[in-house]
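To start, the structure under review is shown below, and the notes come after it.
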Amino acid sequence: MEITKLQTNKFKTNLCSVFLTLPLKKETVTKNALLVSVLRRGTKNLTTQEDISKKLEEMYGAGFNCGVDKIGNYHVLKFYLETLDNKYVLNNENNLQDGIDLLLEIIFNPLIENEAFKKEYVEQEKENLSKMLLSRKDNKASYAIERLIEEMFDGEPYSLYKYGNIEDLKNIDEKNLYDYYKKIIKESKVDLFILGENIENIKIPNIKTNLLEKIDIKHFKTGKTKIVKENLDVTQGKLIIGLNAPNTNKMAVSLFNTVLGGGANSKLFQNVREKESLAYSASSSYIRRQNTILIKTGIEIANYEKTLNIIKKQLEEMKNGNISDEEFDAAKELLISSISLIPESAEDMIAFYFDQSLFEENLTVQDYIMKLKNITKEQIIEIAKQVTMDTIYFLKRED
Amino acid sequence: MEIIENKQINEKVYIETLENGMKILVVPKKNTEKKYIIWGTKFGSIDNHFIEPKTGKEIKVPDGVAHYLEHKMFEQENGVDSLYKLMSLGLDANAYTTNDHTAYLFGGTSNFYEGLDELMDYVQHPYFTDENVEKERGIIGQEIGRYDDEPAWKLYVNMMDCLYKNNPIKIDIAGTVESISHITKETLYDCYNTFYHPSNMIMCISGNFEPEKIVQEVKKRLLPKEKMDKIKRIYPEYENKINKKYKEQKMDVNIPIFIVGFRDILKDESCVKKQIAIEIILNSLIGKSSKLYQKLYNEGTIMSPLDFDYEFSDEYSHVLISGQSDEPKKVYENILNAIKNEELELEDFERSKKALYGEYVSEYNDVENIGRLFLQDAIRGINSLEYIESFNKIDINYVQNIKNNLFKEDMSALSVIKK
C-alpha cells in the first residue's frame, strides 16, 4: 500500500482516503460497483450498518463515503473518512487513529460467513444497484452526458457506465463476489492518503498490494462526426458535443477549454447565452485523461441547428486565431485561480495528488501553476487546429 | 466593533454596524489563501407586497422580481458585464436568490481588492433599460424551463402547497413565464430603491483579514445614501393549519421521490435551540443509526438515508424529510409512528448531540461556507456561533418537549412524484 501524507493547517477536520485502482473492463465493472456497497454494510467487528453508523456518530459525526469512479481506462474504488481534528474533541479521544482504523477495517476486514459475503447484504445491494441503474434517466442533465460518452467511446473501456449494468448483476452472488474481492485486494493498486494538521504519529498496518499495469488511451476516430438524437420526456433539450483533443501539451488543451467554455467570459457563454439568449447554461469541460472536451448546453428544442452553428463558429474562430488578448488573459487568470484553490479543499488536494501519481506526472500544485503561466496564445491556436468534433448528442422530446 | 468569540473551536466574528444601518461581519482565517465575500439584501421571492418607505406607496410586484433583479444587476452602463469582469480577475463570482434574500458573492486567491471594487460598484449602480430588461426574459425563461424538468424542485413546490394556503413561500423563486412578462424597468427600480438600501443589507467576509482594515476598505467604497425608515412588508395572514394532506404529480422518475413535511407553529422558542433539538430527534429516530432506518433499508423500502431540512423565517417554518421509495405512504406512516411512539433514549440523545457538534465545527473548514452560513443566519437575526454555544444548554427534556409538540400528525403532509 502506498501511503501519502499531506500536511496542512487549513482545516478543522482530517481526511483519509483509500483508492483501489483496477483496469476498467466490461467483465468487472458491475462487480466493482456492487463490491463497494457490500463492503460498507458490515465488518467483522461491526456487523451491521447500524453498528457502523453508531461508531461514526460516536466519532463526532465522522463522515464516511464510498463509490466508484473512472479515470481514463482505470476503475477506481474510493473510500473516504473525514474526522474532526483531535484539537476539537471534547473527551481526549484519538479521533484520527480511530478513523483510520475504521476505514481500513471496512475495506480489509469485511463480514464473512462460510467463505462468502453475507447473503442478505449482497442480495439487498444487488436490488439497490439495479434500481439505481434503472433510474439513470431521472437526471436528464447527467444522463445526456453519460450517453454522449457511451456513443463517443463505443467499443472502448471508457464507454462503460461506472456503475455497471443490470445483465451482469444476475450472475453475481455472495460467493463469487467474495472470491473476486480476495483476488482484487491482492491485484489492485492501493493508495492511502491522509490529509490534516497532526498526522505524524499514526499507526498504519502493513498491507501488501500490487503495482498496476499501465494502460494507454487509444481512441478510435473515424474522421466523421457521429450524430445521435434521443427522445425522452423533456421540456428543455440537452445538446452535448464531444471533441477530440490532442494527447500533447495538456496544459494548453486545458487553457483552450477555458477560453472555449470555462466561465462567464468564455466564447460559449458569451455567444450562446449572452448574445443570442439561447441557453441558460453553455459551458465546456476537459476530461484530461481521455483527451476529450465536452460542450454542454440546455436549449429550446427548436434551437438545435442555430445553437450547433454558433458552437461550430466558435471552434472555427479559435482555429483562425480569433482569440482576443482579453479572452486569453481572462481564461488564464481563471484557470490559474481554480488550480490555486486546490489546496483549499481537502478532497481536491487528494484527488490532484492521486491523479498525478497514477499517471506518473508527479507535479505539485505550484509546478502546475508555473507551467500554466508559460502557455502562449499561439499554443492555444495550435491546439484549436487539432481539435475535431467527434460526436454530437441531442436529448429532445418526441416531435 | 463588537467581537464574539468561541474558544472551544477557536473562531471569532467581528461585527460592525455602520451609521447607514448596514451590517458587516468579518470572520478572520489565518491559514487560508482563499478570500470570500458575500453581500446580501433581505429581499427574496416572498417579498412581493410592501410599502415604499420614502413615498408611503403600497406596491405589489409580479412573482420572480427579486430573481430578475439579481440577473440584471451585473449589466453596467458602460456595457461591461460585472460577472465577466470578476471572472477575468480569476475570481469565482456568482449571485443567487432565495425565498428571503438575494446575495452577490465572489471568492478566490488573488485580486481581492480589484474584485471588491467591482462588486461594490455594480451592486450600487443599477442600470436598467427597456431593452436590456427585455433581453433577459429569454434567458430567465430558459432557467424556468430547466426547473420545470426538475422533479425534485416540483416535489418541493408541491409540499409548500400542502403546508400553506396563501403563504408567499409557495411562489417559484424565478416566477413563471407569465409573471415575468409583466416585469419592466420601473418594477426593477422600485424594488432596487427599496430593498438595496444599506439598512436592509448585510455583508460577510472571511479569509486572512485584519477586521478593522477590511471594514475601512468597505466603508471607502460605500456611496452615501439618505437614511431610510424600515420597510413595511405585507404578508398574508399567518395560518395555523395546513392546506392539504397529500399531493401527487406524475413525472418521468423511475423510483418515486417524496417529502414528508411538518408545519412548525411553535412561535416562542429560540430558533437555534429548536433547530438543534429537531436535528437530534430526526437523527435518533429516523436517521442512519436508527432502528427505523435499518428496518426500511433491510426490507428494501428505502435505499439511502433520508434527508432532513428545517426552513424558517418569521413567515414560515417547517421540517422536511425527503427520500426515494416505491412506497412513500408506508415511509410516511412509519415516520409518524416512530416519532410518536419511539422513546428518545439518553444514549441516542448523547450520541446524536456529539455527531451534530462535529458537523457544526466542520462548517468552519472553508471561508466560502463560513460566508454563506453567517449571511444566511444573519438575515434571520442569528449569529452562527450561537449554534456551537447552544450545545451546552440542550438537555433531553427540552428535546422531548419539542418532539411531543412539533411533530403532530394533523400538521404533517406528504408530497409524491411518480411515474
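Each value in this text was obtained by applying a stated rule to the coordinates, not by laboratory testing. These numbers come from a predicted model, not from an experiment. With ideal geometry, Cβ positions are generated from the backbone for all residues, glycine too; neighbour counts draw on all protein chains shown.
Once a ≥ b ≥ c are taken as the square roots of the eigenvalues of the Cα gyration tensor of the range B:1-138, is the result rounded (a/c under 1.5), prolate (a/b larger than b/c) or oblate (a/b not larger than b/c)?
oblate
I'd like the distance between the alpha-carbon centres of the range A:29-60 and the range B:66-142, rounded to an integer number of Å.
45
Around B:E311, what is the net charge, scoring Lys/Arg as +1 and Asp/Glu as -1 over all other residues with Cβ under 12 Å from its Cβ?
Combined, the nearby Lys, Arg, Asp and Glu give -2.
Taking Cα centroids, how far is the range B:285-360 from the range A:283-307 in Å?
39
Farthest toward the dipole's positive end in chain A, which of A:T209, A:V38, A:P23, given Cβ charges of +1 (Lys, Arg) and -1 (Asp, Glu) about the Cα centre?
A:P23
Taking the 0 to 90 degree range and rounding to the nearest ten, how far is the long axis of helix A:119-134 tilted relative to the main principal axis of chain A, both from C-alpha atoms?
Roughly 10 degrees, rounded to the nearest 10.
I'd like the distance between the alpha-carbon centres of the range A:184-243 and the range B:371-411, rounded to an integer number of Å.
Centre-to-centre (Cα) distance: 41 Å.
Averaged over B:134-145, how many beta carbons belonging to a partner chain fall within 10 Å of each residue's beta carbon?
Per residue, the number of nearby Cβ atoms from other chains is 4 on average.
Expressed in nm to one decimal, what extension gain is obtained for the pair B:E186 and B:E5 from 0.36 nm per residue of sequence separation less their Cα-Cα distance?
60.7 nm
Among B:G358, B:I379, B:S412, whose Cα projects farthest towards the positive end of the dipole of the range B:268-419, with charges put on the beta-carbon of Lys, Arg (+1) and Asp, Glu (-1)?
B:S412
Pull out a ≥ b ≥ c, the square roots of the eigenvalues of the alpha-carbon gyration tensor of the protein assembly as shown, then state rounded if a/c is under 1.5, prolate if not and a/b is larger than b/c, and oblate in the remaining case.
Rounded, because the longest to shortest axis ratio a/c is under 1.5.
Relative contact order for chain B using alpha-carbon pairs under 8 Å, separation at least 6, rounded to a whole percent?
Over chain B, the number comes to 23 percent.
With angles folded into 0 to 90 degrees, how steeply does helix B:211-221 sit against the dominant principal axis of chain B? Use alpha carbons for both and round to 10.
50
Taking 7 Å along the Cα-to-C-beta vector as the label spot, tell me the B:L18-A:K119 distance in nanometres, rounded to one decimal.
Computed distance between label sites B:L18 and A:K119 equals 7.1 nm.
Residues of the range B:194-234 with the amide nitrogen closer than 15 Å to a label point 7 Å from the Cα of A:K87, along Cα-to-Cβ, please.
Of the residues in the range B:194-234, B:208 have backbone N under 15 Å from the label point off A:K87.
Would you tell me the mean number of C-beta atoms belonging to other protein chains that fall within 10 Å of each C-beta in B:289-298, as a whole number?
If you average over the peptide's residues, the count of other-chain Cβ atoms is 3.
Taking a label point 7 Å from the Cα of A:I112 along the Cα→Cβ vector, which residues of the range A:44-64 have an amide N closer than 14 Å to it?
A:44-45
Name the lysines eligible as straight-distance cross-link partners of B:K230: C-alpha to C-alpha under 27 Å, and not fewer than 8 places from it in the same chain.
Partners within reach: B:K23, B:K42, B:K54, B:K57, B:K60, B:K72, B:K170, B:K185, B:K219, B:K220, B:K267.
Could you give the nm distance between label points at B:N397 and A:D179, where each point is 7 Å from its Cα heading toward the beta carbon?
6.3
Report the FRET efficiency, 1/(1 + (r/R0)^6), for A:N139 and A:E326, where r is their Cβ-Cβ distance and R0 is 30 Å, rounded to 0.05.
FRET efficiency, A:N139 to A:E326: 0.25.
Provide the gained length on full extension for the span A:N247 to A:K224, in nm with one decimal, where the gain is 0.36 nm per separating residue minus the Cα-Cα distance.
Length gained between A:N247 and A:K224: 6.4 nm.
Angle between the Cα long axis of helix B:185-195 and the longest principal axis of chain B, 0 to 90 degrees, nearest 10?
70
Please give the FRET efficiency for A:Y304 paired with A:T4, using the beta carbon to beta carbon distance and R0 = 41 Å, rounded to the nearest 0.05.
0.30
Quantify how strongly other chains surround peptide A:261-271 by giving the mean number of their Cβ atoms within 10 Å of each of its Cβ atoms.
Mean shielding by partner chains, rounded to a whole number: 3.
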